[in-house]
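Heads up: the structure comes next, in structure tokens.
The values are calculated or read from the model by the stated rules, or taken from the named source; none is laboratory data. Quick caveat, the model's predicted, so the values are computed rather than measured. So basically every Cβ, Gly included, is an ideal-geometry build from the backbone, and we count neighbours across all protein chains shown. For accessibility, only protein heavy atoms count, side chains too; no ligands or nucleic acids. Shrake-Rupley method; radii C 1.70, N 1.55, O 1.52, S 1.80 Å.
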Amino acid sequence: MNLLQDLPAQQRRAIDLVREVAQEKDCHPYLVGGPVRDILLGRDTIDIDLTLEKDASTLARALAKRLEGRVRSFPQFLTYKVIAPEFPEIDLATARKERYRKPGALPAVTAGRVKDDLLRRDFSINAIALDLLDGEMHDPTGGAKDIEARLVRVLHDGSFIDDPTRMFRATRLAARLGFTLESHTAGLLRSAIEGDALSTVSKERIWRELFLAMDEHEAPRILAELFGHGALTPLFGRRGSDDLENLVTRLEAIREQLTANPDVDRYVLYTGGLLRGDASPVDFEGSGFSQRRARALVEIANELPRVLEELAAAQDDRDRFRICRRVSPEMLALIAAERPEERESLERFHQYEKFRLPLRGNDLEVPGGPHIAIALEQTREAVFNGAIPPDQARSFARAVAKRLLDEEAR
Ligand code: ATP
Ligand code: MG
């Protein structure tokens, strides 16, 4: 049980408790999949995934009771989730055997032994179980060896055909862990794509995998590789693009912008980076993007070059700010990603957007009307640019408003 010594305290506490309750209830849980892989790698793991040959619901309920938490059950998958305050989520599943009757479709599921449950999995490194009662490791496919060799390997030649979403999982996991696709596996992936294996998968499922890729820190590399493999062709068709390293660099610049502005929409930005120069609403079929996001994307893809030209031609900040105000925050982030020389003025624009004067229309003591808002805006700009000192804001605004009012009257 030495492996478990290195877990973060919270997870260790959870596993100790699982073991205790399991003994009381005479249940036999195994820790499986992601957490075992991460423990063997010495990486922090968050999820606690358990598999039992029987009594998963008994253990789930007993754990919830002990923790004063609750159980959510997903009967169609024979799985349970135990949720308790200040405790990691614990997933419990009944060991199962799967059979794929039709490529790409969901498999037929029957109850099975732990070994069956490991053999149905995607990669050897995810197919290891740790018996929580006796501490023994079950590794029927040589996963520990592959972890050591840093390889992602499928368990049989039909794996990507049975479930083509595994191609996305393989690319994602390899990049996240800094692993390589084992060479036979890489060959199988290429043939699966060439054989059009993805045609059995809905666009919705492909988008779901794509979003998971975008959530990763290594998103730039993963997206570029998926693109390079042709795994995105079912969504975006075949499009000519620059070479893959250029794409990685472009997406890395986007990641930098996302880190600097966590508020911008990462899915829009990465998709915009992938579709740069050419996008239409059909490209987003199955994504579930709202109209607003789809519009922002079409704008990014189709108008970015023109906006870049306009910015390059702008004479001063006033010109630049006028252009910036017209476009979406995602477009601005993409401009910053692509044009380092624009970053400084974009940063000034963001500051300007946040800049407020403690001055209201009523303070001007001028009859109301549209000229008030214009005067306040001009004043905000003048103070921000340093054209006038802040303590003259009120008199400046008042003068502008009066002048505008006079002009209106004339
Ligand atoms: P993480 O949650 O850190 O991304 P994980 O390995 O836990 O990694 P999950 O998506 O949570 O990944 O899946 C849990 C386990 O279920 C995996 O370790 C794998 O064994 C199995 N699994 C998930 N998806 C598939 C699939 N498409 N085909 C076969 N097995 C799968
Ligand atoms: Mg997981």
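One table, with the values for the structure above:
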item	result
Of Leu41, Leu247, Leu232, the one that fluctuates the most in a GNM where the chain has Cα springs shorter than 10 Å	Leu41
For the chain, the fraction of alpha-carbon pairs in successive 10 Å shells from zero, as %	4, 17, 21, 20, 15, 10, 7, 4, 1, 0
Accessible area of region 281-410 divided out per residue, in Å², using a probe of 1.4 angstrom	58 Å²
Where labels lie 7 Å past Cα in the beta-carbon direction, separation of Lys402 and Ser191 in nm	8.6 nm
Most to least packed among 104-116, 127-139 [average Cβ atoms within 10 Å]	127-139, 104-116
Whole-percent carbon and sulfur share, accessible surface of region 245-366, 1.4 Å	45 percent
Accessible surface of region 92-207 [probe 1.4 Å, protein heavy atoms]: carbon and sulfur percent	49 percent
D (Stokes-Einstein, µm²/s), Kirkwood Cα radius, region 227-310, 0.890 mPa s at 25 °C	181 µm²/s
Percent of beta bridges antiparallel (DSSP, the chain, rounded to nearest 5)	75 percent
Rounded Å value of the spacing that divides the Cα centres of region 21-90 and region 176-219	28 Å
Helix 203-215 axis, angle to the chain major axis (alpha carbon atoms, nearest 10°)	80 degrees
Peptide ranges 304-317, 14-27 listed from the most packed, as the mean C-beta count within 10 angstrom indicates	14-27, 304-317
Neighbourhood charge, 15 Å Cβ-Cβ cut-off, centred on Glu310 and excluding it, Lys, Arg +1 and Asp, Glu -1	-2
Separation of the Glu303 and Phe384 label points, Cα + 7 Å toward Cβ, nm	1.9 nm
Cα-Cα separations in region 167-222 greater than 16 Å, expressed as whole percent	47 percent
Relative contact order [Cα under 8 Å, 6+ residues apart], region 251-410, whole percent	19 percent
Between 0 and 90°, nearest 10: helix 370-385 axis offset from the chain longest Cα axis	70 degrees
Estimated distance in nm for a label pair at Ala409 and Asn261, the labels positioned 7 Å out from Cα along Cα-to-Cβ	4.3 nm
Accessible area per residue, Å², region 66-193 with all protein chains present, probe 1.4 Å	48 Å²
Rounded tilt (10° steps) of 9-25 against the dominant C-alpha axis of the chain	40 degrees
Relative frequency of Cα-Cα separations exceeding 18 Å in region 192-241, percent	27 percent
Of Lys115/Lys145; Lys54/Lys115; Lys102/Lys203; Lys54/Lys97; Lys81/Lys203; Lys81/Lys145, pairs whose Cα-Cα distance is over 22 Å	Lys81/Lys203; Lys81/Lys145
Table column - 3J(HN,Hα) (Hz), region 340-348, Karplus curve with 6.51, -1.76, 1.60, x for Gly and Pro	x, 5, 8, 4, 4, 6, 5, 4, 4
CD proxy at 222 nm, helix term only [per DSSP H run n ≥ 4: -39500 (n - 2.57); per residue of the chain; nearest 500]	-16500 deg cm²/dmol
Rounded to whole Hz, the Karplus (6.51, -1.76, 1.60) HN-Hα couplings of region 261-276, x for glycine and proline	10, x, 6, 6, 6, 5, 5, 5, 5, 5, 5, x, x, 6, 9, 2
5 angstrom amide H check on Val152, placed H, neighbours 5+ away	Thr180, Leu181, Glu182
